[in-house]
1. With a 1.4 Å probe and every protein chain left in place, tell me how much accessible area residue 407 has, in Å² to the nearest 10.
2. Tell me, how many Å apart are the Cα centres for region 466-522 and for region 225-300?
3. For region 346-355, what does the Karplus curve 6.51 cos²θ - 1.76 cosθ + 1.60, with θ = phi - 60°, yield as ³J(HN,Hα) per residue in whole Hz, taken in order and with x for Gly and Pro?
4. Once you wrap a convex hull around the alpha carbon atoms of region 325-449, what is its projected area averaged over all directions, in nm²?
5. In region 263-371, which GluC sites (Glu not before Pro) fall in coil by DSSP and have 13 or fewer other Cβ atoms within 10 Å?
6. Can you give me the C-alpha center-to-center distance between region 341-400 and region 76-137, rounded to a whole angstrom?
7. Gain in length, residue 453 to residue 472, computed as 0.36 nm per residue apart minus the alpha-carbon separation, to one decimal in nm?
8. In what sequence, largest accessible area first, do 373, 289 appear using a 1.4 Å probe?
Amino acid sequence: MCGVCEKRWHWQRALDFIPVSDSHSIGTLCIRADAGARMGVGHVMRCLALAQAWKLRGGRVVLLTHAEAPALVQRLRDEGLELQPLQAAQGSLEEAAEVVNLAAEYPARWLVLDGYHFTPAYRTALKASELRLLIIDDLADTDLSAADILLNQNAYAKAEMYPSASRLLLGSQHALLRREFLPWRCQRRAEPDEASEVLITLGGGDPDNVTLRVLHLLAGMTDRRLVLKVIVGSANPHVESLRAALPMNHEVEVLVNPPNLPELMSRAHVAISAAGSSCWELACLGLPMLLIITADNQRGVAARLEELGLAVCLGWHEDFPKEGTLECLRDFLEDAPRRRRMSEEARLLVDGRGAGRVVEAMVAHPLTLRRAMTEDTRLLWEWVNDPVVRASAFSTDPVPWEGHRGWFARRLADKDCVIFIGLDAWGVPVGQVRFEGEAETATVDVSVAPSHRGKGYAPRLLRLAVATLFDDPRWQTVQAWIKPENLASRQSFERAGFHCQGEESIHGHPAIGYHVHSHEFL
């Protein structure tokens, strides 16, 4: 057996043994990302959020990396990640071959690629091994067609940016935030009339020491005393110079890799931040932002957040501070109504559950969803009259065409009803999931097309649909009622993460109830 064929055999065997419909066994995820003084730690830290969500589903995570910062490495190991140092030159084709070999040994179900130093040739070499490839991108400036799934978590991301991509996850609903931010999101913010507590975070590396310029600027604000929390990453080479230059007219603390970063963000009144991935953390917690662009790839983020009225952009770091910047800061600290509006709207932009959504898309791959349309009327009528479906229903009588047609038209127009059609990799319908409810609770019905049964679609289709439904904050709970003897359906719901709530009577028939709540799903 040749080398390439042997690798393909390893992955095929791995996928054969991974029960993809089982929410507690989703296999191994390999992540290829780096960190350093120049590139910062953003790529690794957002991948950590994805790793946390993968591990929450029972999977294993391995980071393939050149990152060597001791504090960062320890943090990743404390999170349960396995670190595999790479030997070949960073971003080289030799490294791509090394990654392929390592992924085959684990074996990996997916490889995540996050970094600007990976060329199209590098990505093509990975894809040739038949790895499933998730690429995280911000720029859309190169060929990304090797991606099975392409993720751009930025608020400016649009489908037109990626004409060659087959599966896109776009926008801030997919922002990769670590799990420690969610509890602090629940804390209610109170905007003071005049802000005095300022959090300063200019990236994990800050090679140009923009933080020092911010401190020098704030030292000129002599009409008030500020409380400054200066967040410094493990890759920052300027820690001692920052501590030596603290403005004495303010209360200042320099914190290196603070373990309670979400708490610090939640308690601050204003953030002065680089326009990188930390923006999504700040938005999730509703912290009003003043942004400094420290790298070219941050221009789009800063522009979009300022366009939405969610941040004030202070410009390019080499030009900071410009004339009038100090007055701009002073006005911002004194404008409570503006900060309050920014806080409320930013929290609507990022809900902190993006990593879970991305993992759901990976586990369900290649399944996707679309909303049901009038053109699906006959297809769903044929499915609902399938003997297996009728036998599992509480009413086993055949459904007449005219009755179904009227019922389906009413359901499509009903704001309390959501119907999804599941599609395979070729866009062929494989099943349906219907939610109907009132208030915060929806009752779900799921069925798989007769020609696609026995392939593990039901739990994956169900999880993907429930995750999509929970994107609407109206829905907080999904419930289902199943005949006690329908063991296959009960098993599908359990594998999809539903909890059994015991037996009840539904329309005069015994039924086993299942439910899942939005806060425990992603």
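1. Counting only protein heavy atoms, the figure is 70 Å².
2. If we compute the Cα centre of each part, the gap is 43 Å.
3. 5, 5, 6, 6, 10, 9, x, 10, x, 4
4. Working: hull surface 49.8 nm².
Taking the Cα atoms of region 325-449, their convex hull projects to 12.5 nm² on average.
5. Details: sites: 263, 281, 306, 307, 318, 323, 327, 334, 344, 345, 360; in loops: 323.
When the GluC sites (Glu not before Pro) of region 263-371 are filtered for loop state and at most 13 Cβ neighbours within 10 Å, 323 remain.
6. Using only Cα atoms to place each centre, the spacing works out to 32 Å.
7. Working: separation 19, 0.36 × 19 = 6.84 nm, distance 2.94 nm.
My answer for the length gained is 3.9 nm.
8. Working: 373 85, 289 0 Å².
Largest accessible area first, the residues go 373, 289.
The values are calculated or read from the model by the stated rules, or taken from the named source; none is laboratory data. These numbers come from a predicted model, not from an experiment. All Cβ positions, glycine included, derive from the backbone under ideal geometry; neighbour counts span all protein chains shown. In case anyone asks, the SASA skips ligands and DNA or RNA and just uses the protein heavy atoms, side chains included. Shrake-Rupley method; radii C 1.70, N 1.55, O 1.52, S 1.80 Å.
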